[in-house]
Amino acid sequence: MTVDGSSRNEEMTLLKNRLAVAEETLRALLGGEVDSIVMDTRQGEHQIYSLETDERPYRHLVERMSEGAALADADGLIVYANQRLATLLGVPLERLLGRPFSDWLDESERSLFIGRIADEGSDRHDEHTLRRLDGSRIPVLVGVSVSREPDGLLRCLTVTDLSPLKAQQRQMDRLNTELSDRLSEVHQVNGELDVQKTRVEEANAELQVVNGEIRGFTAAAAHDLRSPLASIIGFSALLTQSWETFTEENRQRFVASIDRQSKHLSRLVDDLFTFSSIEGGVLPTSPELVVLGEAIARCLEQGRRGNARVAVSCSPDLTVRVDPQHLERILDNYVQNAFKYGEKPVRIDASRLGDMVEVRVLDNGPGVPPEFLPRLFGRFARADTVATKAHRGTGLGLSIVRGLAEANGGHVRYEPNVPNGSCFVVELPAGGELGA
């Protein structure tokens, strides 16, 4: 190799070394790893070039921000970006430089953002959706402010990840929804409790009424039991101790009183047993074919109320299928009530209505007070009227009538007797032909 050739190779090697140093220096400059450069002059002196060391802390601050940051020119091209923005997008940092920031937004948001970039007005912050390199999307808050630099206007972009905030918001929304559901359930439970409370209060009110009725029944029953017993015991003692001193007429009168009071006592005890059987659902029933007209006549005869005092309208061939004793109790109770609490004339009408026979006992008294009608056929029920105060009773009569009628497949009801009075009705299954 010639001398000239050797010299050229040395120059090439020196040039390569200097280029390598320049490239490393440029890398250090771009990376912000140096504050200044010291270079040799041709006079053998050292020249120091400062790299604006006052700005280095701010560069480090931007690089360590938790938000993404970038500088964009008037066209929206990124001229600087920090590592946080690259991490948010999931791309290498160098892929951001020279590329429009709007490329990373949803297509529906790009035109709006480009308009904001072109606007040189006041700072703004708006929500956007970033599209990451892997296709996922994250909500962000993008702030845009204008910085006037010697080379022109730059747009300072700050990008804040809203994912944690959105997640917290979703959690809060879920908790609020659950809380609303719980509150709704609480309101529903409170409503149900209010309903139950109302029912309990109504039940307590009804219980107080029933307790009052029971007390009234107990007092009336005690009186009705004590009065005939006192008469029976009194007349029996007189006859036993002084039989010889009484005339035959007085003896017969005393015996008749004993007989009358014994029957009254027997009827009261029978009412109590019947009521107990009805309430317990164990009332024995033996239905058979009964000629209704004959049953009505026997009832009036046994009650010593001749046909002249009670008008009867009943076909002689009208029959019912019912327990005879129960029918007698129903008719007797209705007729007794008509004479006790109503006024003459008293009338009994009977007719067939389809598969049922309707018996109506009517009087011309004051009728039943409207406020008492719901309790008329209830147990221990007695209306507060002048007529009821004049006749003591247990209040079991009409409740027994209802129980007997229902046990035989019938039912009872009350109707006003227009223009005045009461009409007590019982419907019982119609019977077939006699002997059939």
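One residue alone among Gly367, Gly293, Gly354, Gly378 is within 50 Å of the chain's Cα centre (by Cα) and farther than 18 Å from His411 by Cβ, and that residue is Gly367.
Being touching a residue at least 12 places away in the same chain (Cβ under 8 Å), assigned to a helix (DSSP H, G or I) and over 20 Å from Glu63 (Cα atoms) is true of Ser102. Taking the stretch 77-102 as the range and being surrounded by 12 or more Cβ atoms within 10 Å (Cβ to Cβ) and charged (D, E, K, R) as the test, the residues that pass are Arg84, Arg95, Arg99.
Inside the stretch 100-125, residues that are of a type in the set (Gly, Ala, Ser) and at pLDDT 85 or above make up a count of 3. The residues in the stretch 361-394 that are modelled with pLDDT of 70 or more, open to solvent by less than 60 Å² (accessible area, probe 1.4 Å) and not aliphatic (A, V, I, L, M) can be counted, and the count is 8.
Restricting the first member to the stretch 363-375 and to residues that are on the phi < 0 side of the Ramachandran plot, and the second to residues that are among the acidic types (Asp, Glu) and surrounded by 13 or more Cβ atoms within 10 Å (Cβ to Cβ), the beta-carbon pairs closer than 9 Å and six or more apart or on different chains are Asp363/Glu343; Asn364/Glu343; Gly365/Glu343; Pro366/Glu343; Arg375/Glu213. Checking every residue in the stretch 137-149 against the condition of being among the acidic types (Asp, Glu), over 49 Å from the mean Cα position of the chain (by Cα), in a loop (DSSP other than H, G, I, E, B) and surrounded by fewer than 11 Cβ atoms within 10 Å (Cβ to Cβ) gives zero matches.
Total residues in the stretch 103-128 satisfying the condition of being loosely packed, with under 15 Cβ neighbours inside 10 Å and within 51 Å of the chain's Cα centre (by Cα): the figure is 8.
When you scan the stretch 247-258, do you find a residue that is more than 20 Å from Gly397 (Cβ to Cβ), open to solvent by 40 Å² or more (accessible area, probe 1.4 Å) and not in a helix (DSSP H, G or I), even just one? Yes - at least one qualifying residue is present in the stretch 247-258.
One line per residue, one yes/no per condition, for (1) modelled with pLDDT under 90; (2) open to solvent by 70 Å² or more (accessible area, probe 1.4 Å):
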position	(1), (2)
Arg155	yes, no
Gln171	no, yes
Glu192	no, yes
Lys197	no, yes
Asn204	yes, yes
Val210	yes, no
Ala221	yes, no
Arg226	yes, yes
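The condition of being modelled with pLDDT of 85 or more, in a loop (DSSP other than H, G, I, E, B) and open to solvent by 20 Å² or more (accessible area, probe 1.4 Å) holds for only one of Gly409, Gly435, that being Gly409.
Taken over the stretch 272-292, the criterion of being surrounded by 12 or more Cβ atoms within 10 Å (Cβ to Cβ), more than 22 Å from Ile348 (Cβ to Cβ) and either at pLDDT below 85 or of a type in the set (A, V, I, L, M) (or both) is satisfied by Leu272, Thr274, Phe275, Ser277, Ile278, Glu279, Leu283. Tallying residues that are of a type in the set (Gly, Ala, Ser), out of contact with any Asp or Glu (no Cβ under 6 Å at 6 or more places or on another chain) and over 21 Å from Leu153 (Cα atoms) within the stretch 78-112 yields 2.
The values are calculated or read from the model by the stated rules, or taken from the named source; none is laboratory data. All figures in this text were calculated on a predicted structure; none of them were measured in a lab. Backbone-built Cβ (ideal geometry, glycine too); neighbour counts: all protein chains shown. The area values use the complete protein model at the heavy-atom level, side chains included, leaving out ligands, DNA and RNA. Shrake-Rupley method; radii C 1.70, N 1.55, O 1.52, S 1.80 Å.
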